[in-house]
Structure formats: C-alpha cells, structure tokens
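Peer 1: Here it is: the structure, laid out below.
Laboratory data are not the source of any read-out in this text; all were calculated from the coordinates shown. Source: prediction; values computed, not measured.
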Amino acid sequence: MRSASPDLVEFLGVLRSNCDITALVGDCFTLTLQNGLILTVTNADVSIALNGAIYQANSILIDGLRLKSSVGLEVDQQQITISARTVDTLGGIPFMQAVRNGIFDGALIQRERAFLKTWTEPPIGSVVLFKGRVGAVDNVGRTTAQLTVNSDLVLLDIEMPRNIYSPSCQHKLYDSGCTLIKSAFGAMGQVGAGSTPTIINWSAAAAEYAQGTIAFTSGPNIGATANIKAAVAGSLTLSNKLPHQPTVGDAFTVYQGCDHTLSTCRTKFNNQINFRGFPFIPPPTYDL
C-alpha cells in the first residue's frame, strides 16, 4: 500500500466517480549523491514545485524505476537510463564525465508521482513509487548512461560481521575513520612533454603518490580522475587510460596513496592511532 495525503485521496475518489474530470501527472526524481548534492528533475513538460523543492524540466532526463509490489524480501533490481546534454554539468564537470568518475556511486534515487489539476497549479499530492540506491554503472556513452538501481532491501545483503580481522587496514584512505585530510596530502601539477593517456610526466612526481589518485582540472581531460598504479621520480603510471590524450600544460591535482599496511600508516602518515588492521594475527596453519 502506498501512502497519500488526504487531499490526494479525496481527489482520486472524485476522479474515479466523475469521468469529466482529468488529472495531470508528472514523475519527479530525487537523486541524493554521496557528496551531499541533491538533484531534483522531472519528466514533465514544465518544472514542478513539490515538497519544498523545484523539480527541473529543462535538465537531465531519467527513464525507468517502475512500480513493483511483491510478497517477500526479494531485492527489486531495475535499470534506468539517464540522458544529458553537452551543456549539463555537475560541479563544472560534463555530466557524463562525472558519471564515469563515479559521482553516482551509492547515490539514493527516489521516483515520486505528482498529481496536478493544471500545469500552472501546485500538485494536489504525490505518491512515492520507488526508492533505492545505485548498485552499478553499467554503461556510459556521450549522452546517455545506464545504471542498475536496487531497492533498499539490498541492505539486508550485507554480510555479518561487517568488520573482519585482516592484517591490512579496513579504512579507506581519507575517510572518516582514517581521519586524514585529503587536501593536506595533495599537490598541483602540470602535464609534461612526452606524456600519454597512461603515463603522466611530471617533474615533482615521487614514490609517495603510488596507489594515489589524479584529478584533471583543465585540458581535454577536465573532470577525469584516475588511480595511480606506480610512481617514480618524474613519472606517474595510471591504472587505466585517460579518455583523451593529455596536452602539455594541462593542470591536475594529485594525491598520495596508501598500501594499508601498519608500516605505511606509521611512517608515512603518522596515523597509527587510527589504523584499523590486525597485523599481528597469527597466520592460518594446516596440520598434515
């Protein structure tokens, strides 16, 4: 059963008994990203004011998230398609480039249907049809992207216990458990001559940037990020190819990496107090 406001229930009752009355509907999508940004868009022809937010009609288009009701605890898994224009951006980054960079990882998505008498009047009410979170980004093209969305029941799939005993640290570098401030371990640089989509020549490159990340702030790869597979004096080797050939002078920000060992946490970051590994656990043995 879907909850609805008394005004909407009354209106639907009148609509059912009087065929001369018509209703307009518009699907409103709320996307809450992990960085706190909230996107509100609608597939209607005009923007809709709902729940204190304006659902934009001249932004990205979302197709998918059907209403489904079933008995049991089966996770409802659906695929949606997001379409964007070349002028649509997220934080100054082209929309599809932001999707490719992982901006929608773990994002919450809600589809809500608004009922209206006319497009110029506020909605009478709304009904939430689907609520879930992004499970995977399946495909990213120039103007469209396909994402798999799971209902909130997917949270029941988390294995227990959540924390396992392992020699390596369980924290992600720079997360709230690690407590290190990412900007304090970053540096700005420019692409040097002879660079390729997988090798960035940079005069200040050093070994401490291995297993770190690089984010481009200008040039053809603006907004693109990549993991650093290896780093030596004067050169950074990326794990994956950049979308475009970098040009000399392209600006980027590079961040130091971590191999999640106690030695690195202690000597490189002086952060042993927040180390979440168990390096002194006896190794597993087998009796033959």
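Peer 1: May I ask you to compute the full-extension gain from Gln34 to Met188, defined as 0.36 nm times their residue separation minus their alpha-carbon distance, rounded to one decimal in nm? Don't skip to the end; give the middle numbers.
Peer 2: Working: separation 154, 0.36 × 154 = 55.44 nm, distance 2.48 nm.
Full-extension gain reported as 53.0 nm.
Peer 1: Roughly speaking, what is the stretch gain from Ala49 to Ile181, that is 0.36 nm per residue apart minus the C-alpha to C-alpha distance, in nm to one decimal? If you can, show how the numbers build up before the last one.
Peer 2: Numbers: separation 132, 0.36 × 132 = 47.52 nm, distance 3.81 nm.
My answer for the length gained is 43.7 nm.
Peer 1: Need the list of lysines near Lys241 for cross-linking: C-alpha distance under 21 angstrom, and skip anything on the same chain fewer than eight residues off.
Peer 2: Lys229
Peer 1: Once you've got the GNM for the chain with C-alpha springs shorter than 10 Å, pick whichever of Phe216, Phe11, Phe95 has the biggest mean-square fluctuation.
Peer 2: Result: Phe11 has the largest fluctuation of those listed.
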